[in-house]
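Student: Below is one structure. I have some questions about it.
Nothing in this text is a laboratory measurement; each read-out follows from the coordinates by a stated rule. Treat the numbers as computed from the prediction; the structure is a model and nothing was measured. Glycine also receives a Cβ, built like all others from the backbone with ideal geometry; neighbour counts cover every protein chain displayed.
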Amino acid sequence: MKKAGIIIGIIAAIALVICLVPLKEVAYTAMVDYEDMETYYEDEPYEVTEIYTETVPLDYEVVESEQYIEGATSVFSVVVRNEDNIAGAFTVDFSIMYGCTFIAPGYIQVASIPFSHEEELHLGPNDTRTGTYSADNPYPANCGLDSWDYDITPATKELERERTVIKYHQVEKQRTVIKQRPETRYKRVTLLDYLLHY
């Protein structure tokens, strides 16, 4: 009986060693953090002076404008001075409005009839010229001048100008980043655990 107890004790001790005491070393993989330098590129602004060409009208002045009657003729005139430093053509557009009243048995009709004329003046620097338009009333006697106006279209010139613009270029920079890598590590496991899982 005593022997049986000893045998059972030995078996229990062996079982405890197999189940609880780490006897076997095994390898496993663990992910570990580490710092690394990373290169990246960033758009960085910078200023540059840029030369460009701009088309601008010539400078001018309307010295005088008038309308008067000369005999049976209406005369329209516009005096233009070129105030620029280059010669050019200045177009004077005359806009004339006639008002007419038509009377017939049973009705009266009132109408506005437009008329236009264009004249081109070639002016050197600081030159002054007069654009005129002489017109007999092209309509029946029951039509008269209501109003008139003019518009001037000057020649143009090219000017070189400067402007500051923002451009971008890529700049190489570096920063610290956290990465992960696999690392082999070792641990001791019980014989039973090793037999069951490895």
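Student: Near residue 179, within a Cβ-to-Cβ distance under 14 Å, what is the net charge of the other residues, with Lys and Arg +1 and Asp and Glu -1? Could the numbers behind the result be given before it?
Tutor: On the way: positive: 175, 181; negative: 33, 35, 36, 38, 183.
Overall, the nearby charge balance is -3.
Student: For each of 157, 167, count neighbouring Cβ atoms within 10 Å of the residue's Cβ, then give the residues from fewest to most.
Tutor: Least crowded to most crowded, the residues run 167, 157.
Student: Give me, ordered by chain and number, the residues 5 or more places off residue 84 or on other chains with an amide H under 5 Å from its own placed amide H.
Tutor: 59, 126
Student: I'm checking a number: the convex hull volume of the Cα atoms of region 59-154, normalised per residue, in Å³. What is it?
Tutor: Normalising the Cα hull of region 59-154 by residue number yields 79 Å³.
Student: So for the pair residue 35, residue 134, with labels modelled 7 Å out along Cα→Cβ, what separation do we get in nm?
Tutor: Those two pseudo-labels are separated by 9.7 nm.
Student: How much net charge surrounds residue 167 when only other residues with a Cβ under 11 Å from its Cβ are counted (Lys, Arg +1; Asp, Glu -1)?
Tutor: -4
Student: Taking the number of other C-beta atoms within 10 Å as the exposure measure, put 78, 48, 62 in order starting with the fewest.
Tutor: The order, fewest Cβ neighbours first, is 48, 62, 78.
Student: For the ranges 36-45, 85-94, 143-152, 68-77, what's the packing order if you count other beta-carbon atoms within 10 Å of each residue, average per peptide, and put the highest first?
Tutor: Highest-to-lowest ranking by the protection proxy: 85-94, 143-152, 68-77, 36-45.
Student: To the nearest 0.05, what FRET efficiency results for residue 52 and residue 149 with a Förster distance of 25 Å applied to their C-beta separation?
Tutor: Working from the Cβ atoms, E equals 0.10.
Student: Would you tally the net charge around residue 126, using a Cβ to Cβ cut-off of less than 12 Å, leaving residue 126 out, and scoring K and R as +1, D and E as -1?
Tutor: -3
Student: Assuming 0.36 nm per residue, please report the length gained on full extension of the stretch residue 165 to residue 27 beyond their Cα-Cα distance. Walk me through the numbers before you get to the answer.
Tutor: Numbers: separation 138, 0.36 × 138 = 49.68 nm, distance 6.24 nm.
Taking 0.36 nm per residue and subtracting the Cα distance, the gain is 43.4 nm.
Student: At 0.36 nm per residue, minus the direct Cα-Cα distance, what do residue 126 and residue 181 gain on full extension? Give it in nm, one decimal, please.
Tutor: 11.6 nm
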